[in-house]
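Shown next, in structure tokens, is the structure this report addresses.
The values are calculated or read from the model by the stated rules, or taken from the named source; none is laboratory data. Owing to the predicted nature of the structure, the values given are computational and were not obtained by experimental measurement. Ideal geometry is used to build each Cβ from the backbone, glycine not excepted, and the neighbour counts take in all protein chains shown. Keep in mind that these areas ignore ligands, DNA and RNA; they rest on the heavy atoms of the full protein, side chains included. Shrake-Rupley method; radii C 1.70, N 1.55, O 1.52, S 1.80 Å.
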Amino acid sequence: MDIETFLKNKIVGALQKVGLDVLASDVILEHPKEETRGDYATSVALQHAKKIGFKPRDLAEQIVAVIDRDGISKIEVAGPGFLNIFLKSEALQSIVGDVIAKNENYGRGSKKATKVNVEFVSANPTGDLHLGHARCAAIGDAICRLYEFAGYEITREFYINDAGAQVNKMGASLQARYLNECGLNAEVPADGYHGLDLVDLAKQVKDLYGDKLIADTKENFLTFISEGIRLELEKIKRDLALFRVHFDLYSYESEVRKDGKVEKTLEEYKPFTYLDQGATYLKTTAFLDDKDRPVVKSDGSYTYLMPDITYHLQKLGRGYDLLVDVLGADHHGYTNRMRSALMMKGYPAEIIDFELVQVVRLMKGDVEVKMSKRGGTTVTLRELVEEVGVDATRYFFAARAATSHLDFDYDLALEQSSSNPVFYAQYAHARLCKLLETGADFGIDISARNLRETAEINLLKHLQEFPNTIEGCAKTREPYKVAAYIQKLAALTHAFYTECRVIDRDNAELSQSRLALCKASQIVMRNALNVLGVNAPEQM
RNA sequence: GCGCUCGUAGCUCAGUUGGAUAGAGCACCACCCUCCUAAGGUGGGGGUCGGACGUUCGAAUCGUCUCGAGCGCGCCA
């Protein structure tokens, strides 16, 4: 049993003796910043005193009087009624053996029955992935990794809008570029895609088809669209792989629309639709929306919303307990429409959740970098990765709350010093690996019984928090808190390294205990970095 | 006008769902290698938590109002 559960059970037991029924899961243990306040502190007495007509301090005194002291060296009442708990050192030292035994599974949550579908990136197949997609990819994948590590069953899904107006524009733009490649005059439409990446695709199309597509026929146009989508998607998948993001499922809008599935869905929504000026509206205001939304235009074609609803219902039909859509923050108006539409079918509002990812500004010093070097309109994911690397990019994007605007500091991401958080964490891991290698002949003492320095104890306590951190971050989908955990772990590791000499030929027993702590810390650092999709190098 | 996301140190951001003296990193200043990676560590200055009122033992956190920023409010996606 881990220490926190062990303590919580003791507290619950004590509360029972006083006549209060409290669940162990409702007991909140804190880690006081000041050592004088113990290894753990809790405010249970303040929270529950009123229920039985006690003053908080009196209840706290009662708890101290009756609590089982096994494993506890000291427990005292402080301030308005906090309980400060001091552990016996053996209790803390036992963490080391626990971590080493579980190794790559330390921190992994128990298997949950919840099946979660996370849809993210879902970029239109009309151009390269850019900065915004990169942040969505980093956050989306980190959320998935968090969920998986915490024990949830997850599906990573990418939705491809291959049927709307956007792909028609892309097809027309590609056609113009192709004609240019064939030495003919043609202009990319004003509202088309002017990026130079389409020139590359046009060359590829020409290599495949020669000049067979020159004639301006419907059939040829459809070929430009299908080939364009295929090639764009190939690039997107290649860039995602480079970024270490892999999807379980790619879903196509064209598939969603097949076999009258959208028509059927529309039919099912009949009780919630009405006609206005030739267009069909969905009564989303009956639920959470502030405005009804058109689903069929007056020309008979669907708005984007209709196939989107069909698609979400199809996802739910596959048996997920929760859908998560990771979207750019400018899509926030979309959330209530979709949620309302699902509620019309009887789903609870919580069946779907949205992660709104705020914009990224790329900064070089005080100057914002807006344009891509290659003449494109924005900086692409590929460029970013080539310049600063996958690890730094993923870490920086995942290390901030999705809802907050992010300034990505180019120079900082490249810096090889403690200023750069990624470097700082990876360096801590490499240092631990080096110590373990150098001290390999000592062997490791899993009991870690010689650890008692402040730097050692602080590190032990932090290692102990890892499983709870994972559990909590997964529930709230906040990978940036894992990054915060990593930074603290790195700081404690470096402090330990400086203050405690690990390999000491004159004191083998102490060395064995400290090497065990190194091993445990190395495991936790590696597991934590892995949650963010960042490598843990063994040497630097 | 309505809605969403925000407003915390000079800068970038946390703040464990209402707890003790509001934290971290960067930047700045001063220290620490005869010894495992100084690619590191220790210490220091720096705050009207945008503002006001309210809720209670207790508010950066919850409520109302207000000021400011960004985004959204289409038979676009």
Would you pick out the residues in the stretch A:27-43 that are surrounded by fewer than 15 Cβ atoms within 10 Å (Cβ to Cβ) and more than 10 Å from RNA strand B (Cβ to nearest atom)?
A:GLU35
Output yes when any residue across the stretch A:463-475 is of a type outside the set (Lys, Arg), open to solvent by 50 Å² or more (accessible area, probe 1.4 Å) and either near RNA strand B (Cβ under 10 Å from one of its atoms) or at pLDDT below 95 (or both), and no when none is.
yes
Quick one: would you say A:LEU288 is within 14 Å of RNA strand B (Cβ to nearest atom), more than 22 Å from A:GLU157 (Cα to Cα), out of contact with any His (no Cβ under 6 Å at 6 or more places or on another chain) and touching a residue at least 60 places away in the same chain (Cβ under 8 Å)?
yes
Answer residue from the stretch A:218-262, given it is open to solvent by 60 Å² or more (accessible area, probe 1.4 Å) and assigned to a loop (DSSP other than H, G, I, E, B) and is farthest from A:GLY300 (Cα to Cα) among those
A:ARG244
Return yes or no: is A:LEU362 within 15 Å of RNA strand B (Cβ to nearest atom), open to solvent by less than 30 Å² (accessible area, probe 1.4 Å) and over 26 Å from A:ALA474 (Cα atoms)?
yes
Could you please give the count of residues in the stretch A:200-217 that are surrounded by 13 or more Cβ atoms within 10 Å (Cβ to Cβ) and farther than 15 Å from A:ARG230 by Cα?
3
Checking the condition more than 16 Å from RNA strand B (Cβ to nearest atom), part of a helix (DSSP H, G or I) and touching a residue at least 60 places away in the same chain (Cβ under 8 Å), which residue from A:ASN117, A:ASN103 passes?
A:ASN103
Pick out the one residue from A:LEU83, A:LEU20, A:LEU92, A:LEU46 that is part of a helix (DSSP H, G or I) and within 16 Å of RNA strand B (Cβ to nearest atom).
A:LEU46
For the structure I just gave you, tell me whether A:LEU59 is within 16 Å of RNA strand B (Cβ to nearest atom), part of a helix (DSSP H, G or I), closer than 30 Å to A:LEU515 by Cβ and more than 30 Å from the chain's Cα centre (by Cα).
no
Pick from A:LEU356, A:LEU384: which is of a type outside the set (D, E, K, R) and assigned to a helix (DSSP H, G or I)?
A:LEU384
Being assigned to a helix (DSSP H, G or I), open to solvent by 50 Å² or more (accessible area, probe 1.4 Å) and within 11 Å of RNA strand B (Cβ to nearest atom) is true for just one of A:ALA484, A:ALA490, A:ALA495. Which residue is that?
A:ALA484
With within 24 Å of A:ARG477 (Cα to Cα) and of a type outside the set (A, V, I, L, M, F, W, C) as the only criterion, which of A:LYS297, A:LYS315 stands out?
A:LYS315
Hey, A:GLU350 closer than 24 Å to A:THR403 by Cβ, acidic (Asp, Glu), crowded, with 16+ Cβ neighbours inside 10 Å and touching a residue at least 24 places away in the same chain (Cβ under 8 Å) or not:
no
Taking the stretch A:395-425 and keeping only residues that are of a type outside the set (A, V, I, L, M), closer than 21 Å to A:ILE143 by Cα and in a helix (DSSP H, G or I), one is left with A:TYR395, A:PHE396, A:PHE397, A:PRO421
Scan the stretch A:400-421 for residues that are open to solvent by less than 20 Å² (accessible area, probe 1.4 Å) and not polar (S, T, N, Q) and jot them down.
A:ALA402, A:LEU406, A:PHE408, A:TYR410, A:ALA413
